[in-house]
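The values are calculated or read from the model by the stated rules, or taken from the named source; none is laboratory data. Everything quoted here is computed from the prediction, not taken from an experiment. In this analysis, Cβ positions are derived from the backbone assuming ideal geometry, glycine residues included, and neighbour counts consider all displayed protein chains. Ligands, DNA and RNA are excluded from the accessible area calculation, which covers all protein heavy atoms including side chains. Shrake-Rupley method; radii C 1.70, N 1.55, O 1.52, S 1.80 Å.
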Amino acid sequence: MAPAVEVSNSWDSSLMPELLPIYYKKLFPFTQYFKWLRYKESGPNYFKNREFSFTLKDDIYLRYRSYADQAEMEKDIRSKCPYKIDIGAVYTCSPKLRDMVRAGEFVAQYKELVFDIDMTDYDDVRSCCSGADICLSCWPLMTIAIKIIHRALTEDFGFKHLLWVYSGRRGVHCWVCDEKARKLSAAARAAVAEYLSLVKGGANMKKKVVLKYNQLHVSIRKALEIISDYFDDYFVNRQDLLSTEEQFQTLKGLITDEQVLALIKELEDTDGFGETSKLRWACLKGIFCKRMSSEGSVCTSAPLHEMPHNMKEIMLQYTYPRLDVNVSKGVNHLLKSPFCIHPKTGRVCVPIDINHVDTFDPFKVPTLHDLTEQLAVWKGEGNLLDYKKTSLKPYIESFEKFLTTLSKHNTESDNIVMDTTA
């Protein structure tokens, strides 16, 4: 079993009531946040009809918050100092006025297409941590998931505006902000999520990935290309997932090729497998190569598409993204907001730059305590915006960069419509 890569987290959640008012007063990016959610091209009621929900101290939950403008939103958030903010759908009327309309007239119309990837869903393929715990040994699973989902959404579906956000504790969220994504029906959202889902079955199902032998979808092939860059390091070095007999037997349970199983038994009978994950995985790859050679393939440098299906299935089962489909398919489903604070860790739910996903370290994300301390000791230029005095600066700048691209695309789309109708 691989030991967890220890990272200290000295966060004291009892500090939330003292520090949150400072954060919401000085650091929360209200201007950028409003610019994002108003979607100027979508009309004046888009922001007014958006639902927000708050989780306050002692788990007091408030739903159907809505605001006329940025000022009203700022005032409410600063007044309530929520421990958590969730963002919901854009409804047919303002959520706070829902009791004033007839039954059936308050309906969720639009929302970003969202994805939630949680490390707890990977407990059967990581040995370092379990449950809500994460470390640098298992975090590559999130890196792989981001890269695979991002590629599929942009290349296979043509979406352009994806906002990736660290959840603050054990996972990541994706907000697809394209207009066509925001207008998707529940059925269409479910179809996209299903397209991206490959690992199927509960805790009692051993083999959770089954590929068709006569074809390999291009999306799966490209996912394998991403996985192959990480798999050996993750599987052997970081997780040591073949170090015990139980782990080895678990992997054997995923192999259905009788000739491969026979070759494994031959090696087991002669104690030729060794006792380390490195040796065992090398032997297994050698056996798969031998199996390929018997079919006329060149095993030493075979491309991914010539790999035995069983080997592809193993790689996918251990590292392919595991989505919470229910989060994605519901138009009215709420999801944790970017830039709120996770109460269990004190970390900010910061954007993740897709161009630097390999170097993103969840343990280097600023905490509420870090930020308030940085403000307190600031000795530099006095008229600088407060967030620029802290380690939150690069994350807000990344968010602004995303918003600039989103706004530019929307402006260009408006111009195209105007030219067409002129």
(request) With a 1.4 Å probe and every protein chain left in place, work out the accessible area per residue of the chain in Å², rounded to a whole number. (result) 47
(request) May I ask you to compute the full-extension gain from Leu62 to Lys379, defined as 0.36 nm times their residue separation minus their alpha-carbon distance, rounded to one decimal in nm? (result) 110.2 nm
(request) Return the whole-Å distance between the Cα centroid of the range 195-253 and the Cα centroid of the range 106-139. (result) 17
(message) Once you keep just the Cα pairs under 8 angstrom separated by 6 or more residues, what percentage relative contact order results for the chain?
(response) 23
(message) Placing +1 on the Cβ of each Lys and Arg and -1 on the Cβ of each Asp and Glu in the chain, which of Leu211, Ile117, Ala223 has its Cα farthest towards the positive end of the resulting dipole?
(response) Ile117
(request) In debye, nearest 20, what is the charge dipole magnitude of the chain about its Cα centre with +1 on Lys and Arg Cβ and -1 on Asp and Glu Cβ, if you could check? (result) 1300
(request) Could you work out the Rg to Rh ratio of the range 31-72, with Rh taken as the Kirkwood radius (inverse of the mean 1/r over all Cα pairs)? (result) 1.05
(request) Would you compute, from DSSP H runs of 4+ residues alone, the mean residue ellipticity of the chain at 222 nm, taking -39500 (n - 2.57) per run and dividing by the full residue count, rounded to the nearest 500? (result) -12000 deg cm²/dmol
(request) Sort all Cα-Cα distances of the chain into consecutive 20 angstrom bins from zero, then give the percent of pairs in each bin up to the one containing the longest distance. (result) 23, 50, 23, 3
(message) Taking the 0 to 90 degree range and rounding to the nearest ten, how far is the long axis of helix 16-26 tilted relative to the main principal axis of the chain, both from C-alpha atoms?
(response) 70
(request) Would you be so kind as to identify which of Val107, Phe157, Ala132 lies farthest towards the positive end of the dipole of the range 99-196, taking Lys and Arg as +1 and Asp and Glu as -1 on Cβ and the Cα centre as origin? (result) Phe157
